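Here is the structure we will look at.
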Amino acid sequence: MPRASQRPRLVDVAEHAAVSLATASRALAGRDGVSAEVADRIRRIARELGYVANPYARTLAGGASSTVGLIVHQVDDPYFSEIAAGVIHLAAEQGLLVQICQSGRDPGYELQQLRHLIAQRVGIILIGGSGYDDPRVEAEARAELAAFQEHGGRVAAIGRHALGVDAVLPDNEAGGFALAQHLMDLGHRRIAVAAGSAGLTTVADRLAGVASAVRLRGLPAADLAVVHGDFTRGGGRAATEQILNEHPETTAIIALNDAMAMGVLSTLRSRRVPVPTRMSVVGFDDVSVAADLAPSLTTIRLPMTEMGRTALALALKPRSARPRRRPTGHLLVVRDSTGPAPTT
């Protein structure tokens, strides 16, 4: 039950009735598409919860809202804050407000945040951050977004393959390929990967690019030491400890995002492993602080602020018959954290 201090919301009715937001909305509005039995049950639950339709929310239905809902995995990750900046800048130009939600890379909580935004009648929903390689994980979110669009809402995603909406797609596989190629050009053959959580499509795509480059040079991809962990600084620190303990012959570490790379550099500094003379380190994203680290970080640059602008620009366009895709491109930025493989 909702807390006594909270006014019951449409999302509470939907959850108690075990139906989608779209179904609850249609039933309470008396629209077609819901059986009489289900509609009666939904209305009964609404009465029991004390739900009263918000007249202000109703005026925002059909995309007329001036609010953009943005869901990201982690608001304190520079990757997402730079994406959010791009969304906010374009939103301001269009006279729109932005409401930011954090999912914590929890698909269940992401779905809850999505339903909350829909219940608040935002006009546009943007979802930023990796999808999941099991399409069943995103099936409910995909269905909610489809219903939201059918009722006039607008949607776009960043880094998501399977939501069935317009999407900005980072150049993840090609970027991973470029990182591994750069390290092998420097003579590195004992390469480890500090990877994010297994099951994320971003991790799988970047790792696929690394493995492809390694195979192209005739090295067994099985020789890559891949350590999965949180896609955070803490995950980078833990992965590096494991790499140093279990794979001491490693001469280069590929962190699959810059947050992890910061954790890698921190652990190497605390273990007094010199970078890059003993260990080279690369990241991915080129967040704004990457150039200011000590040593400065070699990484793949993605146009994160522009990615946020592009996602909102897609959502502002009339809906197309098929989801539109916008690739980002990538750029290898070589800085002080990489050097030739040690000779001894």
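The values are calculated or read from the model by the stated rules, or taken from the named source; none is laboratory data. It should be emphasised that the depicted structure is a prediction, and the values quoted were computed from it without experimental measurement. Because the Cβ atoms are built from the backbone with ideal geometry, glycine has one as well, and the counts that use them run over all protein chains shown. Note: areas computed on protein heavy atoms with side chains; ligands, DNA, RNA excluded. Shrake-Rupley method; radii C 1.70, N 1.55, O 1.52, S 1.80 Å.
Taking N as the number of residues in the range 83-167, what value does Rg over Cα atoms divided by 2.2 N^0.38 Å take?
Numbers: Rg = 12.4 Å, N = 85, 2.2 N^0.38 = 11.9 Å.
Against the compact-globule rule of thumb, the ratio is 1.05.
Return the whole-Å distance between the Cα centroid of the range 142-193 and the Cα centroid of the range 285-344.
Centre-to-centre distance over Cα atoms comes out at 11 Å.
Taking the Cβ-Cβ separation of S296 and A29 as r and a Förster radius of 41 Å, what is the calculated FRET efficiency to the nearest 0.05? Please list the in-between numbers first.
Details: r = 57 Å, r/R0 = 1.38.
That pair, S296 with A29, gives E of 0.10.
Report, to the nearest 10°, how far helix 78-93 tilts away from the longest principal axis of the Cα atoms in the chain, using its own Cα long axis and a range of 0 to 90°.
That works out to roughly 50 degrees.
Using θ = phi - 60° and the Karplus curve 6.51 cos²θ - 1.76 cosθ + 1.60, what whole-Hz ³J(HN,Hα) does each residue of the range 165-172 get, with Gly and Pro shown as x?
10, 4, 8, 9, 10, x, 7, 6
Per the Debye formula with a single identical scatterer at each Cα and no solvent contribution, what log10 I(q)/I(0) holds for the range 162-269 at q = 0.18, 0.19, 0.25 Å⁻¹?
For the range 162-269, the Cα-only Debye profile gives -0.83, -0.91, -1.43.
Let a ≥ b ≥ c be the square roots of the eigenvalues of the Cα gyration tensor of the range 218-274; is it rounded (a/c under 1.5), or, if not, prolate (a/b larger than b/c) or oblate? Working shown, then result.
Numbers: a/c = 1.93, a/b = 1.32, b/c = 1.46.
Because a/c hits 1.5 or more and a/b fails to exceed b/c, the range 218-274 counts as oblate.
If each residue of separation counts as 0.36 nm, what is the full-extension length gain between L169 and R142 once their alpha-carbon separation is subtracted? Write out the running numbers ahead of the final one.
Numbers: separation 27, 0.36 × 27 = 9.72 nm, distance 1.71 nm.
Full extension from L169 to R142 adds 8.0 nm.
Starting from 0.36 nm per residue, how many nanometres of slack lie between V38 and E93 once their C-alpha separation is accounted for?
Values: separation 55, 0.36 × 55 = 19.80 nm, distance 4.34 nm.
My answer for the length gained is 15.5 nm.
Under a 5 Å amide H to amide H cut-off, with H placed in plane at 1.01 Å, what residues pair with I127 once short-range neighbours are removed?
I71, A156, A157, I158
Over the chain, what is the percentage of antiparallel beta bridges among all DSSP beta bridges, to the nearest 5? If you can, show how the numbers build up before the last one.
Working: 4 of 38 bridges.
Counting only bridges with both partners in the chain, antiparallel ones make up about 10 percent.
Rounded to two decimals, what ratio of Rg to Rh does the range 297-344 give with C-alpha atoms and a Kirkwood Rh?
Numbers: Rg = 17.9 Å, Rh = 13.9 Å.
That ratio equals 1.29.
Out of every Cα-Cα pair in the chain, what percent are more than 32 Å apart? Show your work: numbers first, answer last.
On the way: 22355 of 58996 pairs.
Across the chain, Cα pairs with separations above 32 Å total 38 percent.
Using a 1.4 Å probe on the protein heavy atoms, what percent of the accessible area of the chain belongs to carbon and sulfur?
On the way: 7730 of 15250 Å².
The value for the chain is 51 percent carbon and sulfur by accessible area.
Within 10 Å, count the other beta carbons around each residue, average over each peptide in 39-51, 74-86, 274-286, and list them highest first. Each step should come with its number before you reach the end.
On the way: 39-51: 16.5, 74-86: 19.6, 274-286: 23.2.
Put in order of decreasing packing, that is 274-286, 74-86, 39-51.
Before I look further, what does the range 128-186 give for accessible area per residue, probe 1.4 Å, in whole square angstrom?
On the way: 2140 Å² over 59 residues.
Accessible area per residue: 36 Å².
Counting only helical runs of four or more DSSP H residues, what would the 222 nm mean residue ellipticity of the chain come to if each run contributes -39,500 (n - 2.57) and the total is spread over all its residues?
Details: 12 runs with 147 residues, N = 344.
Using -39500 (n - 2.57) per qualifying helix, the result is -13500 deg cm²/dmol.
For A321 and D134, compute 0.36 nm times the residue count separating them, minus their Cα-Cα distance, and round to one decimal in nm. Working shown, then result.
Details: separation 187, 0.36 × 187 = 67.32 nm, distance 2.51 nm.
Length gained, A321 through D134: 64.8 nm.
For the range 98-223, how big is the tail of P(r) above 19 Å, as a whole percent of Cα pairs?
Numbers: 4252 of 7875 pairs.
Percent of Cα pairs beyond 19 Å in the range 98-223: 54.
Take each of the peptides 239-250, 105-116, 301-312, average the number of other beta-carbon atoms within 10 Å over its residues, and list them starting from the highest. Can you show the working numbers first?
On the way: 239-250: 16.7, 105-116: 18.2, 301-312: 22.8.
Averaged packing, sorted descending, gives the order 301-312, 105-116, 239-250.
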